[in-house]
Ligand code: CA2
């Protein structure tokens, strides 16, 4: 009898979720701007959605630009995409932007608040030009929408990702 060659099961997509400075305070301070949900609450919801979508998420928060750059660098070849809320580094960090570009991974940028309703200095993102897209203004839901968008992008053939 002919033996059938078995294809290995596809591995789940691996998504790195990064949170920038002060996001560890969300849900504990300034609820009028950032809501009552803590980062742990948001990560729990992300974990549930990841199970539903059949992907794996790994999360990392740091207040340090260098630690974020190191984590982004180590994602190259290890992860399939990056979901990032760069927080205040959104508006200032060429280092984060360069690191994201160097990973060659698709990036989705998310924000809890609608930065365009706020101070003018928050209107500019140095990250947006290296991201596939941005989702902002929906509180913790921005992360969930961002994860859905990133997974949808990863399911497209490479030639069709823009
Ligand atoms: O809206 C967002 O998600 C932001 O990325 C949050 C950043 C802010 O600098 C960006 O412009 C927009 C701030 C992170 C949280 O900072 C807190 C500061 C005090 C109390 C609670 C949170």
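The values are calculated or read from the model by the stated rules, or taken from the named source; none is laboratory data. Not measured: the values here are computed from a predicted model. We place every Cβ from the backbone using ideal geometry, glycine too, and count neighbours over all the protein chains shown.
Matching residues to (1) modelled with pLDDT of 95 or more; (2) buried (at least 19 other Cβ atoms within 10 Å of the Cβ):
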site: 76; (1), (2): yes, no
site: 81; (1), (2): yes, yes
site: 94; (1), (2): yes, no
site: 99; (1), (2): yes, yes
site: 109; (1), (2): yes, yes
site: 116; (1), (2): yes, no
site: 120; (1), (2): yes, no
site: 150; (1), (2): yes, yes
site: 158; (1), (2): no, no
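Residue 146 meets each of the listed conditions (1) within 12 Å of the ligand (Cβ to nearest atom); (2) more than 21 Å from residue 31 (Cα to Cα); (3) touching a residue at least 40 places away in the same chain (Cβ under 8 Å); (4) part of a loop (DSSP other than H, G, I, E, B) apart from (4).
Counting only helices (runs of 4 or more DSSP H) that sit wholly inside segment 31-124, those with at least 1 residues that are under 14 Å from the mean Cα position of the chain (by Cα) and within 10 Å of the ligand (Cβ to nearest atom) are 39-53.
State yes or no: is residue 152 more than 12 Å from the ligand (Cβ to nearest atom) and either in contact (Cβ under 8 Å) with a residue 12 or more places away in the chain or in a loop (DSSP other than H, G, I, E, B) (or both)? Against the criterion (more than 12 Å from the ligand (Cβ to nearest atom) and either in contact (Cβ under 8 Å) with a residue 12 or more places away in the chain or in a loop (DSSP other than H, G, I, E, B) (or both)), residue 152 does not qualify. Which of the residues that make up segment 132-143 are without any contact (Cβ under 8 Å) to a residue 40 or more places away in the chain and in a loop (DSSP other than H, G, I, E, B)? If the condition is that a residue be without any contact (Cβ under 8 Å) to a residue 40 or more places away in the chain and in a loop (DSSP other than H, G, I, E, B), then 132, 137, 138 are the ones that fit.
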